[in-house]
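*Asks:* Below are the structure tokens for one structure; questions will follow.
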Amino acid sequence: MTKSLQLNNGASMPCIAIGSWVGTSPNSKELARASSWLSTALEAGYRHIDTAALYGTEGAVGEAVRRSGIPRKDLFITTKLPFHHTKRVRESLDRSLKRAGLDYFDLYLVHWPQVVVYKNNQPVPLNADGSMMLDETSDFNDTWKEMEKVLASGKVKSIGVSNFSIKTLEQLLKTATVTPAVLQVELHPYLAQHELLRWCKDKGIMVVAYAATGYAVVREDPIIVALAKKYNVTPTQVVLSWHIGRGTGVVAKSENASRQEENLTVIELHEEDARRIDALDKNRRLCIQPDKQGKVFGWTFDRLGWQEESVLQAEAKL
Ligand SMILES: NC(=O)c1ccc[n+]([C@@H]2O[C@H](COP(=O)([O-])OP(=O)(O)OC[C@H]3O[C@@H](n4cnc5c(N)ncnc54)[C@H](OP(=O)(O)O)[C@@H]3O)[C@@H](O)[C@H]2O)c1
């Protein structure tokens, strides 16, 4: 059983979640695969599952939960509001609950800060020039008001955001009456987000890492490899232990039962070793990459409040 983190509303969240993304528009085979790896994860002791309406895996999550026989109160299930549903939050949540066959979610996140036009329920509607059809008539402050309403309905126990930054969170907090309980972002040794973590700690917002392993790129980093040898664990265990030592939550996805168990077993790193991992930061995104226009779902890095890798490197040299 993993240890838990306390959120700003008193709720308890298991610090290691199993991910459920299985590709864009998954077919029935892929969904069956997701449901199967979620089942082995629950058997291994995971009690936190991360899904999203955009992943199409909410049904697979519900299936695995029912098959496990684990009482609902012993599980923590996170899902996310898609950016084209930001003007229909209540309806979108009801659909997510129905797909999962659940009465409530433990955590409901605004998946992205962008507001995207609702057109034939397409998640990524495009303009003729191939750019994302953004809806500039409302913003995430409006979305958050609706999130606060669904929180009051009891259908979600906590609300939070994903892919926000200090810049967008500062804007959100100007009108929020409920501070987000969680911020889920890409976070690993090559994108350590030191400043964001300090800022969130100060505001009482719990940070959860996705792409937390840093994939093979981080697993093969010589410092990580050396630390794995030193502690007699795997490189991924070193990385996940670093996250847990920093007090963040983690979403780590593995389809493989033995790697799922491996990822649940974290160790305590010595202070100086944690600092060596801190120093690997390159502000390098390994999961979410900008398109040819330099945008992520229609927004520039500047609008997202994300720093370009080259900018950070240049500042470090000053
Ligand atoms: N909020 C967002 O916008 C957002 C974005 C991306 C992801 N997420 C969430 O985060 C979850 C995880 O993200 P992710 O899949 O990008 O990153 P990840 O969990 O860091 O990496 C998963 C990859 O690492 C491999 N892996 C896992 N544990 C390993 C180990 N111990 N040794 C070697 N390889 C290992 C997996 O392969 P095997 O399966 O073969 O083990 C898989 O290829 C997603 O499923 C989703 O729930 C959220």
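The values are calculated or read from the model by the stated rules, or taken from the named source; none is laboratory data. Source: prediction; values computed, not measured. Positions of Cβ are backbone-derived with ideal geometry, glycine not excepted, and every protein chain shown enters the neighbour counts. Just the protein is used for accessible areas: all its heavy atoms, side chains included, with ligands, DNA and RNA removed. Shrake-Rupley method; radii C 1.70, N 1.55, O 1.52, S 1.80 Å.
*Asks:* Under a cut-off of 15 Å between alpha-carbon atoms, report the aspartates and glutamates in cross-link reach of Lys203, not counting same-chain residues fewer than 8 places apart.
*Replies:* Correct list for Lys203: Glu170, Glu195.
*Asks:* Sticking with the crude label model, points 7 Å out along Cα→Cβ, report the distance from Lys174 to Asp281 in nm, one decimal please.
*Replies:* Rounded to a tenth, the inter-label distance reads 2.6 nm.
*Asks:* What distance in nm separates the two pseudo spin-label positions at Val124 and Lys73, each 7 Å out from Cα along the beta-carbon direction?
*Replies:* Each label point is offset 7 Å from its Cα along the Cβ direction, giving 4.2 nm.
*Asks:* With N residues in segment 4-317, what two-decimal value do you get for its Cα radius of gyration over 2.2 N^0.38 Å?
*Replies:* So segment 4-317 has a normalised radius of gyration of 0.97.
*Asks:* Still on this structure: Once the principal axes of the Cα atoms of segment 57-149 are found, what is the range along each, listed largest first in whole angstroms?
*Replies:* For segment 57-149, the Cα extents along the three principal axes come out at 49, 26, 17 Å.
*Asks:* Any chance you could look up the accessible area of Ile267 with a 1.4 Å probe, heavy atoms only, rounded to 10 Å²?
*Replies:* 50
*Asks:* List the residues whose amide H sits under 5 Å from the amide H of Phe105, counting only those 5 or more places along or on another chain, with H placed 1.01 Å from N in the peptide plane.
*Replies:* Val156, Lys157
*Asks:* Could you please state how large a percent of the accessible area of the chain is carbon and sulfur, counting protein chains only and using a 1.4 Å probe?
*Replies:* 51
*Asks:* Could you give the accessible area per residue of the chain, probe 1.4 Å, as a whole number in Å²?
*Replies:* That works out to 46 Å² for each residue.
*Asks:* For Glu146, what is the net charge nearby, where nearby means another residue's Cβ is under 15 Å from its Cβ and Lys, Arg count +1, Asp, Glu -1?
*Replies:* +2
*Asks:* Which loop-located GluC sites (Glu not before Pro) does segment 124-159 contain, where loop means any DSSP state but H, G, I, E or B and the Cβ has at most 15 other Cβ atoms within 10 Å?
*Replies:* Passing sites in segment 124-159 are Glu136.
*Asks:* Compute and list, largest first, the equivalent-ellipsoid semi-axes of segment 189-287 from the alpha carbon gyration tensor, each √(5λ) rounded to a whole angstrom.
*Replies:* Those come to 20, 16, 13 Å.
*Asks:* Something else: Residues with amide H under 5 Å of Gly249's amide H, sequence separation 5 or more or different chain, H placed in the peptide plane at 1.01 Å from N; which?
*Replies:* Val207, Val208, Ala209
*Asks:* For every helix of n ≥ 4 consecutive DSSP H residues, a contribution of -39,500 (n - 2.57) applies; sum these over the chain, divide by its total residues, and give [θ] at 222 nm rounded to the nearest 500 deg cm²/dmol.
*Replies:* For the chain, the value works out to -11500 deg cm²/dmol.
*Asks:* Okay, next question. What number, in percent, do you get for the relative contact order of the chain if the mean sequence gap of Cα pairs under 8 Å and at least 6 apart is divided by its residue count?
*Replies:* Rounded, it is 17 percent for the chain.
*Asks:* Another question about this same structure. Given springs between every Cα pair under 10 Å in a Gaussian network model of the chain, which of Ala274, Ala41, Ala181 has the largest fluctuation?
*Replies:* Ala274
*Asks:* What lysines does Lys292 reach when the alpha-carbon gap must be under 25 Å and sequence neighbours fewer than 8 apart in one chain are set aside?
*Replies:* Excluding near neighbours in sequence, the set is Lys119, Lys167, Lys282.
*Asks:* OK, next. Which of Lys29, Lys292, Lys167 moves most in a GNM of the chain, Cα contacts under 10 Å?
*Replies:* Lys292
*Asks:* Here's something else I'd like to know. Give the separation of the Cα centroids, segment 222-283 to segment 113-176, in Å.
*Replies:* First find each Cα centre; the distance between them is then 32 Å.
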